[in-house]
């Protein structure tokens, strides 16, 4: 069999078993690419002294030859590495470890280059101080086709992995113990963050940010994000599992997010965002947020168990509008939050304000409101239909403040509400009796709802 046919078996749908273990499989993949063993270039694992110069020379020589650099298992004490175009480094997952030596810099960087690949390497910051010129243990700037796979980033005294204006993918990697956020992307241009594990970070999990509003299109899918703190405090700027800021067209799907100090998923000024099929457990504040000057959000088929509010689609006064909220399961909410209650307070299933359909959701155990439609005069074109609301304070609260726009509330099931099934509110004060079937409010259509004790 020719080498072309051998490799073709891996690409054309026929599984190729390289060996019995993932580690040795990676070694063989490196060999197939014509790798250079680091020891052939004088770089040996488990050295006691700083190996930065030797390591940099090995990386440069392998890249110049267009070959992968294979790192045998062991530790490599290094700092301030620079990856040129064409860098491809392959290690043994969990056993090839680059240990940051400090000294006022960072562990590794790449700037304005193409095709950088890292596979099977642990980058350990050892909690040593990082220099003022960067916020990340690993910092990639303007890298086209960056690929980080089967890697681990741990012990950063700032952010773990920081990418500015990069394209490519980070997949099947583990980022933990960062003193700020785990993974941060700024101004991405075709980036995918998939299948990663981000845990035990002090201020954030995965951030997809832009310095100014614009199309971003990052894919954040199939990740596991757990135990995210908010050491800087605040009311939601920190402590979120997945955070989108000013980035449009981001897709957040199929992630499992648990035990975040604030939101599991928070999109601030993120238009055309899709938040679908995520599992959000034990959030300290609103589980899923689409807020401020966004236009366009799809929030569907998410499971939310434990939060102060399930879903908030907010800030019409700032231009936040246009959403579909459907098929979500929301339960076990609390009216006790991480800071004194503001605005509508805590304990709400779904809150929405403008140009939004809320359909086919199941909400159980919202202490204040199952659905909160509008806020003061800020309501326009809301449809709430075919939802099931059980064991809530007020099943559906809709604003009746002068100047509020229209809402249709139809064909919902409201069971076991303690303070009213469907009522009008002026801010936080109940202002009407039961509205089901009422025609007293021209801007409201309330019909066909089933109310049960």
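Some points to look at:
- Cα shape, region 86-126, gyration tensor, a/c 1.5 rule: oblate
- Separation of the residue 317 and residue 95 label points, Cα + 7 Å toward Cβ, nm: 6.1
- Per-residue ellipticity at 222 nm from helix content only, as computed over the chain with -39500 (n - 2.57) for each DSSP H run of at least four residues, stands at -2000 deg cm²/dmol.
- Backbone N within region 146-167 under 17 Å of label point (7 Å from residue 115 Cα along the Cβ vector): 146-148, 167
- Each peptide among 94-101, 36-43 gets the average number of other Cβ atoms lying within 10 Å of its residues, and from highest to lowest they stand as 94-101, 36-43.
- Cα-based Rg / Dmax (Å) for region 368-453: 11.3, 33
- By the count of other C-beta atoms within 10 Å, a proxy for reagent exposure, 400, 324, 170, 336 are ordered fewest to most as 336, 324, 400, 170.
- Where labels lie 7 Å past Cα in the beta-carbon direction, separation of residue 64 and residue 427 in nm: 7.2
- Radius of gyration over Kirkwood radius for region 113-242, both on Cα atoms: the Rg/Rh ratio is 0.93.
- Expressed as a fraction of 2.2 N^0.38 Å, the C-alpha radius of gyration for the chain is 1.14.
- Per-peptide average of other Cβ atoms within 10 Å, ordering 204-210, 51-57 highest first: 204-210, 51-57
- Ranked by how many other beta carbons lie within 10 Å on average, peptides 109-115, 258-264 from highest: 258-264, 109-115
- The value obtained for region 188-261, namely the Cα convex hull volume divided by the number of residues, is 78 Å³ per residue.
- Alpha-carbon gyration tensor eigenvalues x 5, square-rooted, for region 320-367, Å: 21, 16, 6
- 14 Å cut-off, amide nitrogen to a point 7 angstrom out along residue 46 Cα→Cβ, residues in region 69-106: 72-77, 95-97
- Förster-model FRET efficiency, 45 Å R0, residue 381 and residue 172, C-beta, rounded to 0.05: 0.60
- If you plug the beta carbon distance of residue 343 and residue 406 into 1/(1 + (r/R0)^6) with R0 = 22 Å, you get a FRET efficiency near 0.50.
- Full extension of the segment from residue 388 to residue 133, taken as 0.36 nm per residue of separation minus the current Cα-Cα distance, would add 86.6 nm.
- Per residue Cα convex hull volume in Å³ - calculated over region 146-218: 69
- Label point distance in nm, residue 215-residue 53, each placed 7 Å from Cα along Cα→Cβ: 4.9
We did not get these values from a lab; they are worked out from the coordinates using the rules stated. Bear in mind that the values here come from a model prediction, so they are computed numbers and not experimental data. As a convention, Cβ positions derive from the backbone with ideal geometry for all residues, glycine included, and neighbour counts pool all protein chains shown.
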